[in-house]
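What follows is a short report on a single structure.
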Amino acid sequence: MTAATQKTVPSKSKKKRKGKFEPRIVAFCCNWCSYAGADLAGTSRMQMPPNARIIRINCTGRIDPLFILDALYQGADGVLISGCHPGDCHYTSGNLKMRGRFVLLKKLLEDAGIDPERIHLQWASAAEGDVFTKGVTAMVERIKKIGPNPLRKGD
Amino acid sequence: MAKRIALTQLSSCWGCDQSLIDLHLRLLDVLPELEIVYWPAVVDYKLHDLENLPDNSIHIGLVEGSCRTKEDMHLLEIMRAKSKILVAWGSCSVFGGVQGLANQWDLKELLERKYMKAETVTDPRIPKENLSGFTEHIVPNPELVEVDVLLPGCPPTSDNTLDALTALLTNKPFDLPAKTVCDQCPMEREEKNIKQFKRTHEGKIEPGKCILDQGYLCLGFATIGLCGAQCPTVNTPCKGCFGPPPAVTDHGAKIISALGAVADMDPEELQNAFPDPIGSFYFTDYASSYLSKMRGKNRGKKK
C-alpha cells in the first residue's frame with residue numbers, strides 16, 4: 001500500500017463517522033440461554049439495532065475478563081455480556097462467577113479512567129427474545145451517549 | 001575468556017543490585033568469568049565510558065528500572081546498542097514496576113502532587129534546571145527496545161540472577177517457568193469457598209494453611225513461580241511482585257477471573273472488599289496492563 005492510499009482511507013471513514021456514530025458492540029452470549037434468546041428474537045422478527053456482534057460461548061463463566069479488556073483495547077465501543085438468569089445456569093454457577101468478575105472489572109475500569117458503562121451484564125433466558133432485544137437497544141443508546149471508544153480504528 | 005558485562009540502573013530502587021550482591025561468597029564463583037565494564041552502583045565508570053564503547057561490544061547487558069526520565073530512555077537505547085544480549089532485570093524493567101501505578105494519572109497531575117502539593121513542601125516549584133525531563137507515562141522496557149532475556153522479580157532472588165547469568169555465560173537458553181507461586185508453596189490447600197476477604201492486619205493468619213483459603217488476598221495463583229514462595233512460606237500473602245507467568249498477558253484480569261471463581265460472596269460485598277483494585281492486582285505490572293496501554297494510547301491521540 002502506498003503512503004497516499006494509507007492516508008486517504010481513514011480520513012474518508014472519518015467523514016462517514018462524523019455524520020452519525022454507530023457503536024460497535026461485542027456481545028458475548030451463552031449458548032444455553034441468551035444465544036437461543038437472540039435466535040428467538042431473530043425468528044420472531046423482533047426489531048433491534050444491528051450494532052451488536054454476537055460471539056457464542058458455552059457459558060458466561062467461560063469469559064475471561066481478558067476477553068473484555070482485549071475487545072476494548074482493540075476498539076470495541078461497548079461489550080455486552082448476556083447469560084442465563086441466576087440459578088438457571090446450565091453448569092449450575094457459571095453466571096454467578098461471571099457476576100463476581102464483572103463487578104470487580106467494572107471498578108477496575110472506573111479507577112483506570114475508562115467509562116465503566118461501556119461494559120454491561122444482563123440476563124436473558126432462551127424464551128426471552130424481547131428481553132434480549134431490549135437489552136441490546138438500551139446498550140446501543142447508552143454507548144451512543146458515551147461516544148466512540150478513543151481507541152477505535154477506521155471502519 | 002572473561003565475558004564483558006554491563007549493569008545499568010534506570011528509575012528504580014537499585015534493589016536488584018542489592019539482591020545480586022547478597023550472593024556473598026558465591027560471587028567468587030561468577031566474578032572471574034566476568035569483566036565489568038559499567039556498573040554505577042559498584043564501579044566508578046561514568047556514562048561517557050559506556051557511550052565510547054563500540055556497538056555490540058558488551059556480551060551481557062543487564063538493565064534494571066524503568067524509563068521515568070528522558071535520561072533513562074537515553075541509557076536504555078545506549079545499552080541496547082552496546083549489548084549483544086540485553087536482559088530486562090527485575091519487575092521494573094520487565095513490566096514497568098511500582099512506578100507504573102503512576103500511569104493512572106497524567107504527568108501534570110503527578111508533578112503537581114509531588115512538587116507543589118506535597119504536605120512537606122515549603123518552596124513549591126517544579127524543578128526544571130539541569131534535568132533531562134520526564135516521560136509522559138511509564139512504558140515497559142521490552143516495548144521500547146528489543147530485549148533478549150526477561151527476568152522479573154522485585155527483586156529477582158540472588159539465585160534467580162545467578163541462574164540467569166550462569167545460563168547466559170554457558171550459552172544455554174534461559175526460559176521463564178510456566179508454574180506459579182502456588183506450585184512452590186508448602187501450605188495445605190482445601191476446596192476454596194471464600195465468604196469474606198480480610199486485610200492483612202485483621203485477625204491472625206494460621207500457619208500451615210493456604211492463606212487464600214483463610215480469606216486473605218494472596219496472589220500466588222496468578223504469579224510466576226520464580227521466588228520459591230518466599231512470602232507465603234512465612235505466612236505473608238503474595239503481592240504478585242514477580243508478575244504473571246509468561247502465558248498470562250494481563251495479571252489483573254487473571255486475578256479477577258480466579259477471584260470470581262473462588263469467592264462465594266454477594267457481588268457488592270466482593271466489590272467493597274477491594275477498595276483499590278489497581279494497587280492490589282497490579283502491584284508491579286500496571287504499566288504492562290491493557291488498562292494502562294489504553295490510557296497511554298489515548299494520551300498519544302490527544303497531542
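The values are calculated or read from the model by the stated rules, or taken from the named source; none is laboratory data. These numbers were taken from a predicted model, which means no experiment stands behind them. Neighbour counts are summed over all protein chains in view; Cβ atoms, including those assigned to glycine, are modelled from backbone coordinates with ideal geometry. With ligands, DNA and RNA removed, areas are computed over all heavy atoms of the protein, side chains included. Shrake-Rupley method; radii C 1.70, N 1.55, O 1.52, S 1.80 Å.
Using a 7 Å offset from the Cα along the Cα-to-Cβ direction at both B:Lys84 and B:Thr69, what is the distance between the two label points in nm, to one decimal?
If labels sit at B:Lys84 and B:Thr69, their model points lie 3.2 nm apart.
What does the charge add up to near B:Lys293, with Lys and Arg as +1, Asp and Glu as -1, over the other residues with Cβ less than 10 Å from its Cβ?
0
For region A:92-155: lysine pairs with Cα atoms under 21 Å, gap of 8 or more or different chains, count?
Counting lysine pairs in region A:92-155 gives 9.
What do you reckon, how do A:Met48, B:Met79 stack up by accessible area (1.4 Å probe), largest on top?
Highest to lowest solvent-accessible surface, that is A:Met48, B:Met79.
Tell me the carbon and sulfur percent of the accessible area for the protein assembly as shown, rounded to whole percent, probe radius 1.4 Å.
Heavy-atom surface of the protein assembly as shown belonging to carbon and sulfur, 1.4 Å probe: 53 percent.
Of chain B, which part is the longest with no GluC sites (Glu not before Pro) in a loop (DSSP not H, G, I, E, B) and with at most 11 other C-beta atoms within 10 angstrom?
Value returned for the longest uninterrupted segment is B:1-118.
So, in region B:151-207, how many Lys pairs have Cα atoms under 28 Å apart, if the pair is 8 or more places apart or on different chains?
Taking the Cα cut-off of 28 Å, the pair count is 5.
Just read off the accessible area of B:Arg26 with the full protein assembly in place, 1.4 Å probe, to the nearest 10 Å².
Per-residue accessible area (B:Arg26): approximately 100 Å².
Using a 1.4 Å probe and counting only protein heavy atoms, arrange A:Glu22, A:Glu128, A:Glu110 so the residue with the most accessible area comes first. Before the final figure, lay out the partial values.
On the way: A:Glu22 70, A:Glu128 50, A:Glu110 110 Å².
Final ranking, largest accessible area leading: A:Glu110, A:Glu22, A:Glu128.
Taking a probe of 1.4 Å and counting only protein heavy atoms, give the total accessible area buried between chains A and B in Å², rounded to the nearest 100.
Working: alone 9150 and 16230 Å², together 22800 Å².
Using a 1.4 Å probe on protein heavy atoms, the buried area is about 2600 Å².
Which of the residues in region A:75-111 lose at least 20 Å² of accessible area when you go from the chain alone to all protein chains together (probe 1.4 Å)?
Residues of region A:75-111 that lose at least 20 Å² of accessible area once the other chains are added: A:Lys97, A:Arg99, A:Gly100, A:Arg101, A:Val103, A:Leu104, A:Lys107, A:Leu108, A:Asp111.
How large is the helix-only mean residue ellipticity at 222 nm for chain B, computed as the sum of -39500 (n - 2.57) over DSSP H runs with n ≥ 4, divided by its residue count, in deg cm²/dmol to the nearest 500?
Calculated from helices alone, the mean residue ellipticity at 222 nm is -8500 deg cm²/dmol.
What is chain B's relative contact order, in percent, from Cα pairs under 8 angstrom and six or more apart in sequence? Each step should come with its number before you reach the end.
On the way: 559 pairs, mean separation 55.8, N = 303.
Reported relative contact order: 18 percent.
Roughly how far apart, in whole Å, are the Cα centres of region B:228-303 and region A:61-133?
Comparing the Cα centres of region B:228-303 and region A:61-133, I get a distance of 18 Å.
As a check on your grasp of the helix formula, calculate [θ] at 222 nm for chain A: sum -39500 (n - 2.57) over DSSP H runs of n ≥ 4, divide by the residue count, round to the nearest 500.
The helix-only estimate for chain A comes to -15000 deg cm²/dmol at 222 nm.
When Lys and Arg each count +1 and Asp and Glu each count -1, what net charge do the other residues less than 11 Å away from B:Ala258, Cβ to Cβ, add up to?
Residues near B:Ala258 contribute +3 overall.
Does a label point 7 Å from the Cα of B:Lys114, set along Cα-to-beta-carbon, have any residues of region B:13-47 with amide nitrogen under 20 Å, and which are they?
Under 20 Å, as judged by backbone N against the label point of B:Lys114, lie B:13-16 of region B:13-47.
I'd like the accessible area for B:Arg4: 1.4 Å probe, protein heavy atoms, all chains in place, Å² to the nearest 10.
Number for this one is 60 Å².
Hey, can you find the accessible area per residue of the protein assembly as shown for me, probe 1.4 Å, expressed in square angstrom?
50
Which order do B:Lys172, B:Lys293 take when ranked by solvent-accessible area (1.4 Å probe, heavy atoms of all protein chains), largest first? Walk me through the numbers before you get to the answer.
Working: B:Lys172 125, B:Lys293 60 Å².
So, going from the largest accessible area down, we get B:Lys172, B:Lys293.
How much FRET efficiency would the formula 1/(1 + (r/R0)^6) give for B:Asn56 and B:Asp264, where r is the Cβ-Cβ distance and R0 is 60 Å, rounded to 0.05?
Approximately 0.60, to the nearest 0.05.
Quick check on the protein assembly as shown: of the DSSP beta bridges with both residues there, what percent are antiparallel, nearest 5%?
Percentage antiparallel, nearest 5: 10.
If you take every DSSP beta bridge fully contained in region B:1-131, what fraction is antiparallel? Give it as a percent rounded to 5. Each step should come with its number before you reach the end.
Details: 1 of 16 bridges.
For region B:1-131, the DSSP antiparallel bridge percentage is about 5.
Not counting ligands, DNA or RNA, and with a 1.4 Å probe, what is B:Tyr115's accessible surface area in Å² rounded to the nearest 10?
60
So what's the gap between the Cα centers of region A:16-59 and region B:207-221, to the nearest angstrom?
What the calculation gives is 40 Å, centre to centre.
What net charge is computed for the residues neighbouring B:Tyr45, neighbours being all others with C-beta under 15 Å from the C-beta of B:Tyr45, Lys and Arg scored +1, Asp and Glu -1?
Neighbour charge sum, excluding B:Tyr45 itself: -2.
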